[in-house]
Amino acid sequence: MKYAWIKYFPIVFGIILFIGCNNHKGNTATGSNDTDPVFSSTPGLKNITEQITKTPNDASLYFERGRLLHKIQQDTLALKDYKKAAALDTTQAQYMSAVADLLFENKDITGSIAWIQKAINKDPTDRKAHLKIAKLFLYMKNYPSAFSEINIVMRKNVYDPEAYFLKGMVYKDMKDTAKAISNFETAVQVAPDYREAIIQLGVLFSAKKDPIALKYFDNAYRIDSADVFPVYAKGVFYQNSNDYPKAKEEYKKCIFRNNHYVDAYFNMGYMLMQEDSTEKALRQYDIVTKIDPINPTAYYNRGLCNELLNKPKEAVADYRQAHGLDTIYKSPIEALKRLGAK
């Protein structure tokens, strides 16, 4: 499986935001034994828990139940099962690797590295473990260590596309665009449908305002049309090239395929404001407040439109809403002062 941890963004790469253990998805306050209500309320978990009761020393059952628990966002319980599986069968590096993945997702970087190292010690040839620890080093911006782990994999298989992809991500984080592009291109040469690498090439060439970016985005969308980011990214390319008509066309396509894609509405609103179509821009931000009612930027932008339309009462209401959602957001505070409102 390719790197699902990589998330996409308009032009600038952003490392994933991880959710802390004490405020993470799912129910972490419940007990961690087999009497927890979740084991009896979910059919799949109920069946596998009954199997565990019959054969409590079967590590594979704990591993499978941990996987199911993680799917329903019960990470505390999943972690306990993964650790149980690793304790029952110390020969399986994948169990240790699963513990590491979950700890990483919940921001325990030190613990994650320790468990991945256990997996590597158990199986020094485990390419996935080496790439995972390289990913951790990238997150920590320890680039030499990241390269070292990647090179271990590449020495065994010089044509490993994931190794080239991750190496490209390291160079990208180092702001070495030329080497990042080279490694992403190699990943695509080895694996032509490597979508993540194709998107990264689109992003980097788009930043250079090179039209070849559009071909990469088209290819990425062809591979998986369920993800509309490539369509949105084409809109960003045209917008940054000041070709607003084409940018709007792409954003409309994006919204047609995913009417909850808020970034497309924001960018449409921005362009409409530049064109003095303030009322139309306001409608874009109004849509965002309905899709994402806790988005302070949407209320601020709508407030700005109302202010420009000489509707101070509505503008103040929007600015206050934006400030209430984010008290350190300076723009609404300045706007309220400008309008003489508290």
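Some points to look at:
- Scanning segment 228-246 for residues that are without any contact (Cβ under 8 Å) to a residue 60 or more places away in the chain and surrounded by fewer than 24 Cβ atoms within 10 Å (Cβ to Cβ) yields a total of 9.
- Of all the listed residues (Leu136, Leu102), the sole one being at pLDDT 85 or above, in a helix (DSSP H, G or I) and outside the structural domain of Ala85 (by TED's automatic domain parsing) is Leu136.
- Residues in segment 146-161 that are of a type in the set (Phe, Trp, Tyr) and not in a loop (DSSP other than H, G, I, E, B): 1 in all.
- Flag for Gly26 being in a loop (DSSP other than H, G, I, E, B), on the phi > 0 side of the Ramachandran plot and modelled with pLDDT under 90: yes
- Checking each residue in segment 162-202 for being among the charged types (D, E, K, R) and in a loop (DSSP other than H, G, I, E, B) picks out Lys175, Asp176, Asp193.
- Residue in segment 224-240 that is at pLDDT 95 or above, assigned to a loop (DSSP other than H, G, I, E, B) and in contact with a Cys (Cβ under 8 Å, 6 or more places away or on another chain) present: yes
- When residues in segment 79-107 are screened for being more than 14 Å from Lys132 (Cα to Cα) and of a type in the set (Asp, Glu), 2 of them pass.
- In the set (1) of a type outside the set (A, V, I, L, M, F, W, C); (2) under 22 Å from Lys172 (Cα atoms); (3) part of a helix (DSSP H, G or I), the condition left unmet by Asp210 is number (3).
- Residue in segment 103-116 that is farther than 19 Å from Ser145 by Cα, buried (at least 18 other Cβ atoms within 10 Å of the Cβ) and free of Cβ contacts under 8 Å to residues at least 60 places away in the same chain present: yes
- Check on Asp286, among the acidic types (Asp, Glu), without any contact (Cβ under 8 Å) to a residue 60 or more places away in the chain, closer than 23 Å to Ile255 by Cα and not in a helix (DSSP H, G or I): no
- Close pairs (9 angstrom Cβ cut-off, 6 or more residues apart or separate chains): over 21 Å from Asp193 (Cα atoms) in segment 147-173, β-branched (Val, Ile, Thr) and surrounded by fewer than 16 Cβ atoms within 10 Å (Cβ to Cβ) anywhere: Lys156/Thr125; Tyr171/Thr177; Asp173/Ile15
- Only one of Ala146, Ala86, Ala100, Ala129 that is more than 24 Å from the chain's Cα centre (by Cα), hydrophobic (A, V, I, L, M, F, W, C) and buried (at least 18 other Cβ atoms within 10 Å of the Cβ): Ala86
- Considering segment 132-143, the residues that are surrounded by fewer than 23 Cβ atoms within 10 Å (Cβ to Cβ) and free of Cβ contacts under 8 Å to residues at least 60 places away in the same chain include one that is nearest to Tyr171 (Cα to Cα), namely Tyr143.
So that you can scan it fast, the table gives a plain yes or no per residue for (1) buried (at least 17 other Cβ atoms within 10 Å of the Cβ); (2) within 24 Å of the chain's Cα centre (by Cα); (3) not assigned by TED's automatic domain parsing to the domain that holds Asn267:
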| site | (1), (2), (3) |
| --- | --- |
| Lys290 | no, yes, no |
| Asn301 | yes, no, no |
| Cys305 | yes, no, no |
| Lys311 | no, no, no |
| Lys330 | no, no, no |
| Gly340 | no, no, no |
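- A single entry from Glu275, Glu250, Glu279 fulfils the requirement of being in contact (Cβ under 8 Å) with a residue 12 or more places away in the chain, surrounded by fewer than 16 Cβ atoms within 10 Å (Cβ to Cβ) and over 30 Å from Thr327 (Cα atoms): Glu275.
- If the condition is being within 20 Å of Glu275 (Cα to Cα), of a type in the set (A, V, I, L, M) and free of Cβ contacts under 8 Å to residues at least 12 places away in the same chain, then segment 299-331 contributes no residue at all.
The values are calculated or read from the model by the stated rules, or taken from the named source; none is laboratory data. In this text the structure is predicted, and so the values were computed from the model without any measurement. All Cβ positions, glycine included, derive from the backbone under ideal geometry; neighbour counts span all protein chains shown.
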